[in-house]
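The values are calculated or read from the model by the stated rules, or taken from the named source; none is laboratory data. No experiment lies behind these values; they were computed from the predicted model shown. For neighbour counting, all protein chains shown are included, and Cβ atoms are generated from backbone atoms with ideal geometry for every residue, glycine included. For accessibility, only protein heavy atoms count, side chains too; no ligands or nucleic acids. Shrake-Rupley method; radii C 1.70, N 1.55, O 1.52, S 1.80 Å.
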Amino acid sequence: VILNISATERREVEQDLLVANLSYVVTDKSSNSLQNEINTIMARAIKAAKAVEEIKVSTGAYQVYEFTEPRTKENKWRGSQSLTLKSKEADKILDLTSKLQDMGLTMNGLDYVLAPETAIDIQDSLMEDALKQLQERANRAAKALGKSSAELRDVNVNSSGIPYEPAAYNRGAMMKMEMAADSMAAPVAAAGDSTITLSVNARAILKP
(Lines give C-alpha, C1' and ligand atoms only; values in the text may rest on other atoms or scores of the structure.)
Protein backbone atom coordinates (compact mmCIF):
# COMPACT_ATOMS: atom_id res chain seq x y z
CA VAL A 1 0.00 0.00 0.00
CA ILE A 2 1.28 3.46 -0.93
CA LEU A 3 0.05 6.49 1.01
CA ASN A 4 0.74 10.15 0.11
CA ILE A 5 1.25 12.05 3.33
CA SER A 6 2.29 15.55 4.46
CA ALA A 7 3.05 17.53 7.61
CA THR A 8 3.55 21.24 8.33
CA GLU A 9 5.36 23.05 11.12
CA ARG A 10 5.07 26.79 11.81
CA ARG A 11 6.89 29.02 14.28
CA GLU A 12 6.89 32.71 15.14
CA VAL A 13 10.36 34.05 15.87
CA GLU A 14 11.33 37.41 17.30
CA GLN A 15 13.25 39.49 14.75
CA ASP A 16 16.85 39.99 15.86
CA LEU A 17 18.58 42.14 13.22
CA LEU A 18 18.08 45.90 13.04
CA VAL A 19 18.66 47.45 9.61
CA ALA A 20 18.97 51.22 9.15
CA ASN A 21 19.02 52.90 5.74
CA LEU A 22 20.27 56.48 5.64
CA SER A 23 21.35 58.84 2.90
CA TYR A 24 23.13 62.14 2.52
CA VAL A 25 21.44 64.49 0.05
CA VAL A 26 22.73 67.86 -1.13
CA THR A 27 21.84 70.48 -3.75
CA ASP A 28 24.41 72.88 -5.21
CA LYS A 29 25.12 75.03 -8.25
CA SER A 30 28.46 73.26 -8.73
CA SER A 31 28.70 69.52 -9.34
CA ASN A 32 32.29 69.51 -8.09
CA SER A 33 31.55 71.11 -4.74
CA LEU A 34 28.46 68.92 -4.39
CA GLN A 35 30.41 65.72 -4.88
CA ASN A 36 33.17 66.92 -2.60
CA GLU A 37 30.61 67.52 0.15
CA ILE A 38 29.05 64.09 -0.30
CA ASN A 39 32.45 62.40 -0.29
CA THR A 40 33.56 64.28 2.84
CA ILE A 41 30.41 63.61 4.87
CA MET A 42 30.14 59.98 3.81
CA ALA A 43 33.79 59.36 4.69
CA ARG A 44 33.08 60.68 8.19
CA ALA A 45 29.91 58.57 8.44
CA ILE A 46 31.67 55.37 7.35
CA LYS A 47 34.54 56.00 9.75
CA ALA A 48 32.09 56.45 12.63
CA ALA A 49 30.21 53.28 11.66
CA LYS A 50 33.32 51.13 11.32
CA ALA A 51 34.46 52.26 14.76
CA VAL A 52 31.60 50.20 16.21
CA GLU A 53 32.66 46.56 15.87
CA GLU A 54 29.15 45.13 16.21
CA ILE A 55 27.79 47.10 13.26
CA LYS A 56 28.09 46.03 9.63
CA VAL A 57 28.19 48.98 7.24
CA SER A 58 27.81 49.18 3.47
CA THR A 59 27.26 51.99 0.99
CA GLY A 60 24.55 52.07 -1.65
CA ALA A 61 23.66 54.12 -4.69
CA TYR A 62 25.68 57.26 -5.44
CA GLN A 63 23.69 59.57 -7.71
CA VAL A 64 24.40 63.02 -9.13
CA TYR A 65 22.16 64.74 -11.65
CA GLU A 66 21.30 68.19 -12.98
CA PHE A 67 17.83 69.70 -12.72
CA THR A 68 16.04 72.99 -13.27
CA GLU A 69 14.67 74.83 -10.26
CA PRO A 70 10.94 75.27 -11.05
CA ARG A 71 10.62 78.67 -9.37
CA THR A 72 13.83 80.40 -10.51
CA LYS A 73 14.44 78.31 -13.68
CA GLU A 74 18.04 78.04 -12.49
CA ASN A 75 20.07 74.94 -13.32
CA LYS A 76 21.36 73.14 -10.23
CA TRP A 77 22.86 69.82 -9.23
CA ARG A 78 21.48 67.31 -6.76
CA GLY A 79 23.40 64.37 -5.41
CA SER A 80 23.01 61.64 -2.82
CA GLN A 81 24.61 58.51 -1.46
CA SER A 82 23.02 55.89 0.76
CA LEU A 83 24.38 54.01 3.75
CA THR A 84 23.09 50.77 5.25
CA LEU A 85 23.79 49.66 8.81
CA LYS A 86 23.04 46.22 10.26
CA SER A 87 23.44 45.00 13.80
CA LYS A 88 21.93 42.73 16.43
CA GLU A 89 22.95 45.32 19.04
CA ALA A 90 19.97 47.67 18.79
CA ASP A 91 21.24 50.25 21.31
CA LYS A 92 24.50 50.68 19.43
CA ILE A 93 22.92 51.04 16.02
CA LEU A 94 20.33 53.52 17.34
CA ASP A 95 23.07 55.58 19.01
CA LEU A 96 25.10 55.60 15.79
CA THR A 97 22.17 56.57 13.60
CA SER A 98 21.46 59.48 15.93
CA LYS A 99 25.05 60.68 15.45
CA LEU A 100 24.79 60.27 11.69
CA GLN A 101 21.60 62.31 11.66
CA ASP A 102 23.52 65.04 13.47
CA MET A 103 26.05 64.91 10.60
CA GLY A 104 23.23 65.66 8.18
CA LEU A 105 22.23 62.20 6.99
CA THR A 106 18.53 61.49 6.56
CA MET A 107 16.89 58.35 7.92
CA ASN A 108 15.07 56.59 5.07
CA GLY A 109 14.23 53.34 6.79
CA LEU A 110 14.65 51.63 10.15
CA ASP A 111 13.43 48.03 10.20
CA TYR A 112 13.79 44.89 12.28
CA VAL A 113 14.24 41.66 10.30
CA LEU A 114 15.16 38.09 11.09
CA ALA A 115 18.87 37.44 10.60
CA PRO A 116 19.50 34.86 7.83
CA GLU A 117 21.51 32.59 10.13
CA THR A 118 18.69 32.62 12.69
CA ALA A 119 16.15 31.76 10.01
CA ILE A 120 18.27 28.83 8.78
CA ASP A 121 18.58 27.42 12.32
CA ILE A 122 14.81 27.67 12.78
CA GLN A 123 14.18 26.02 9.41
CA ASP A 124 16.44 23.11 10.33
CA SER A 125 14.60 22.69 13.63
CA LEU A 126 11.21 22.82 11.89
CA MET A 127 12.39 20.24 9.35
CA GLU A 128 13.34 17.83 12.12
CA ASP A 129 9.96 18.30 13.83
CA ALA A 130 8.04 17.95 10.56
CA LEU A 131 9.86 14.75 9.61
CA LYS A 132 9.10 13.24 13.03
CA GLN A 133 5.47 14.25 12.64
CA LEU A 134 5.40 12.74 9.14
CA GLN A 135 6.79 9.41 10.35
CA GLU A 136 4.35 9.31 13.27
CA ARG A 137 1.40 9.95 10.94
CA ALA A 138 2.60 7.26 8.56
CA ASN A 139 2.93 4.79 11.44
CA ARG A 140 -0.57 5.59 12.67
CA ALA A 141 -1.96 5.13 9.18
CA ALA A 142 -0.19 1.77 8.91
CA LYS A 143 -1.63 0.64 12.23
CA ALA A 144 -5.12 1.78 11.28
CA LEU A 145 -4.89 -0.25 8.06
CA GLY A 146 -3.55 -3.30 9.83
CA LYS A 147 -0.04 -3.00 8.43
CA SER A 148 3.15 -3.71 10.33
CA SER A 149 5.18 -0.62 9.49
CA ALA A 150 5.57 2.44 7.24
CA GLU A 151 8.66 3.50 5.32
CA LEU A 152 8.93 7.04 3.92
CA ARG A 153 10.02 7.49 0.30
CA ASP A 154 10.50 10.52 -1.98
CA VAL A 155 10.53 13.05 0.86
CA ASN A 156 10.19 16.71 -0.24
CA VAL A 157 10.81 19.72 2.00
CA ASN A 158 9.17 23.07 1.23
CA SER A 159 10.01 26.17 3.23
CA SER A 160 8.38 29.59 3.29
CA GLY A 161 11.89 30.97 2.78
CA ILE A 162 14.03 33.34 4.79
CA PRO A 163 12.20 36.63 5.46
CA TYR A 164 13.90 39.14 3.22
CA GLU A 165 15.69 42.24 4.41
CA PRO A 166 14.29 45.64 3.52
CA ALA A 167 15.70 47.01 0.30
CA ALA A 168 17.80 50.14 0.46
CA TYR A 169 15.64 53.22 0.10
CA ASN A 170 16.28 55.85 -2.53
CA ARG A 171 13.75 58.43 -1.44
CA GLY A 172 16.58 60.54 -0.07
CA ALA A 173 17.47 61.59 -3.61
CA MET A 174 14.16 63.41 -3.82
CA MET A 175 14.22 65.48 -0.67
CA LYS A 176 16.24 66.40 2.38
CA MET A 177 14.70 67.00 5.78
CA GLU A 178 15.81 70.22 7.38
CA MET A 179 15.77 70.08 11.17
CA ALA A 180 17.96 71.63 13.80
CA ALA A 181 20.19 69.07 15.47
CA ASP A 182 19.15 70.13 18.95
CA SER A 183 15.46 69.49 18.13
CA MET A 184 15.90 65.93 16.87
CA ALA A 185 15.27 63.07 19.26
CA ALA A 186 17.14 59.80 18.87
CA PRO A 187 15.42 57.13 16.74
CA VAL A 188 13.71 54.18 18.42
CA ALA A 189 12.86 50.67 17.23
CA ALA A 190 10.93 47.67 18.57
CA ALA A 191 11.33 44.13 17.27
CA GLY A 192 8.37 42.27 15.83
CA ASP A 193 7.93 38.63 14.86
CA SER A 194 8.60 36.73 11.66
CA THR A 195 6.65 33.58 10.84
CA ILE A 196 8.53 30.68 9.28
CA THR A 197 6.58 27.80 7.79
CA LEU A 198 7.99 24.50 6.60
CA SER A 199 6.13 21.58 5.02
CA VAL A 200 7.25 18.08 4.15
CA ASN A 201 5.47 15.54 1.99
CA ALA A 202 6.36 12.00 1.04
CA ARG A 203 5.11 8.62 -0.12
CA ALA A 204 4.69 6.16 2.70
CA ILE A 205 5.13 2.50 1.81
CA LEU A 206 2.92 0.49 4.19
CA LYS A 207 4.32 -2.98 4.70
CA PRO A 208 2.22 -6.06 5.54
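Any residue in the stretch 80-91 that is over 18 Å from the mean Cα position of the chain (by Cα) and over 30 Å from residue 3 (Cα atoms)? Yes.
Considering the conditions (1) buried (at least 17 other Cβ atoms within 10 Å of the Cβ); (2) closer than 23 Å to residue 118 by Cβ, residue 11 is excluded by exactly one of them, (1).
Every listed requirement among (1) open to solvent by 40 Å² or more (accessible area, probe 1.4 Å); (2) touching a residue at least 40 places away in the same chain (Cβ under 8 Å) is met by residue 68 save one, (2). For the stretch 79-104, the set of residues classified as open to solvent by 30 Å² or more (accessible area, probe 1.4 Å) and farther than 19 Å from residue 188 by Cβ consists of 103 only.
One residue is enough: does the stretch 53-69 have a residue meeting the conditions in contact with a Leu (Cβ under 6 Å, 6 or more places away or on another chain) and of a type in the set (Phe, Trp, Tyr)? No, the conditions are met nowhere in the stretch 53-69.
For residue 71, the stated conditions do not hold, so it cannot be described as at pLDDT below 95, of a type outside the set (A, V, I, L, M, F, W, C) and within 24 Å of residue 190 (Cα to Cα). Screening the candidates 191, 173, 204, 185 for the property of being at pLDDT 90 or above and either among the hydrophobic types (A, V, I, L, M, F, W, C) or open to solvent by less than 70 Å² (accessible area, probe 1.4 Å) (or both) yields one hit, 204. Taking the stated definitions as given, is residue 110 surrounded by 15 or more Cβ atoms within 10 Å (Cβ to Cβ), at pLDDT 90 or above and in a helix (DSSP H, G or I)? Answer is no for this residue.
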